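K.L.:
Quick one: the structure is below, and I'll ask about it shortly.
The values are calculated or read from the model by the stated rules, or taken from the named source; none is laboratory data. For clarity, every value in this text was computed on a predicted model and none was experimentally measured. Glycine also receives a Cβ, built like all others from the backbone with ideal geometry; neighbour counts cover every protein chain displayed. Note: accessible area is taken over every heavy atom of the protein model, side chains too, but ligands, DNA and RNA are not part of it. Shrake-Rupley method; radii C 1.70, N 1.55, O 1.52, S 1.80 Å.
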Amino acid sequence: MYRYGRSVLFPPASLGIVWTMTLFAIWVCGDQYFPLTTTANEIVLAGVLSFSLGGICAVVVPLGKGRTLTAVSAKRRTQVDRWLTIAGFLFLLNIPFSYLYFKQLSETIAPRESMWRQIRIASNQANISGHTALSFESFVLPLPSIVALIAVYEYSDTGRCWGRTLFLVLLAGGYQLLNGARSEVLLLLVSSVVMLWLKRGTAPILLLATAGLLFLLVFFAGQVAMSKYGANADASLTDNLPRVAQGFGMYWMGGIIAFDQNRQNPELRYGWDLGKFAKRIANRFGATYSEHDRNLEYTKISPSQITNVYTAFLPYYMDHGGMRGVVGLMFLVGFLSTYVYRCAIRGNCWAVFTLGAFVYATVMTVFSEEYFAQIMFWIKAGAVSTMVYFAPNITLRGRPRSRDRDVAETQSCA
């Protein structure tokens, strides 16, 4: 698939690399985990092959017409430059209000061993039914990440304002960490790297290494703060490192083993729901659909280790037709991912700002199902970016609209 797509970003190549590395790592670990059954290996192989077939089919589908970023006028690019500065200032001012909101939200559940974990659990539970009032802070939460991606694109295209770009990326990551969401930080980092990779045509090695190191630091801090897998804030760095490494291994390799154990023991149920985004929208308009808790039951992956991550194959296989569900759904997401990839190469605005989320979902198949889970982010990222670059200018009545003219990009960045 890498030879066929000529890039690691080609979705079937990305998926093949991720699962080859995962299964190889499990093999290297030997008897540290429960052995995978033949059926589990067949499910993985069928899923990867179906995804690849979907990608090959998407290659021959004609691309629809869409607005490309090369058509954005110089005047609009100058406006975007100003909007980014204003947005960063407003998000910075909103941090105390966001903190107070999540702190009050954390008080709606029983106390946990850490404030960070308590906020994360309370936030998840508040979104389960969709009947709670839509707060301003919950509405704002995705916007810093989208604004940060727009700043990354502007930097990748002009090479200017790297300080503001870094500030907006860190600010967006801070908002997600305030909510206890490490996976959303990874989504932001992956999307930023993919955008620069796409623009430059080659892998940004230094940025890849920096983003990887940053995520490891966030992962380390999160596991220690939430006291997961034996890590403790009161313990020394030497004592915590093996615990964090064990936790990283269980998140990375434990998912397929936990899925295999769940498949053999159907009484271990879970709450994953592929249609939850539609239910939440319907509930906002008065419907009464129930939604399962995304926090899954813990399953043993070795005599002494447990995890609650199950890969993308759990909902596909267990709730949507077994092997047929895996083949059909993996074909679908492979087709969509590759189509978005082709549109992004062409420069379509909505695709450029959603491709990173598709790459993230592909990488996260070893951890959980993120294709359907990220639908609302794709819609918001595509819609907001299109509005920023192509929405008509708003002018006062009676005041003539100025024509687009070339503007020298000499503004200083805040």
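K.L.:
Go through Arg182, Arg324 and list them by solvent-accessible area, largest first, probe radius 1.4 Å. Spell out each step's value before the answer.
P.N.:
On the way: Arg182 30, Arg324 210 Å².
Putting Arg182, Arg324 in descending order of accessible area: Arg324, Arg182.
K.L.:
Among Ile257, Ile17, what's the order by accessible area (1.4 angstrom probe), most exposed first? Numbers along the way, then the final one.
P.N.:
On the way: Ile257 0, Ile17 70 Å².
Sorted by accessible area, descending: Ile17, Ile257.
K.L.:
To continue, here is another question. Once you place label points 7 Å from the Cα toward the Cβ at Ala221 and Trp83, how far apart are they in nm?
P.N.:
Label-label distance for Ala221 and Trp83, simple model: 3.0 nm.
K.L.:
Sticking with this one: Can you give the accessible area per residue of region 1-60, in Å², using a 1.4 Å probe?
P.N.:
Values: 3230 Å² over 60 residues.
About 54 Å² of surface per residue is accessible.
K.L.:
Something else: Which order do the peptides 49-61, 306-318 take when ranked by the mean count of other beta-carbon atoms within 10 Å per residue, highest first? List each step's numbers first, then the result.
P.N.:
Working: 49-61: 18.5, 306-318: 23.5.
By packing density, highest mean first, the sequence is 306-318, 49-61.
K.L.:
Can you give the extra length, in nm with one decimal, that the chain gains between Ala203 and Arg67 once fully stretched, where that is 0.36 nm per residue apart less the Cα-Cα distance? Walk me through the intermediate numbers first.
P.N.:
Numbers: separation 136, 0.36 × 136 = 48.96 nm, distance 2.55 nm.
Stretched out fully, the Ala203 to Arg67 stretch lengthens by 46.4 nm.
K.L.:
Here's a follow-up. Provide the per-residue ³J(HN,Hα) series for region 37-43, in order, calculated from phi with Karplus coefficients 6.51, -1.76, 1.60 and θ = phi - 60°, each as a whole number of Hz, with x at glycine and proline positions.
P.N.:
7, 4, 4, 4, 5, 5, 5
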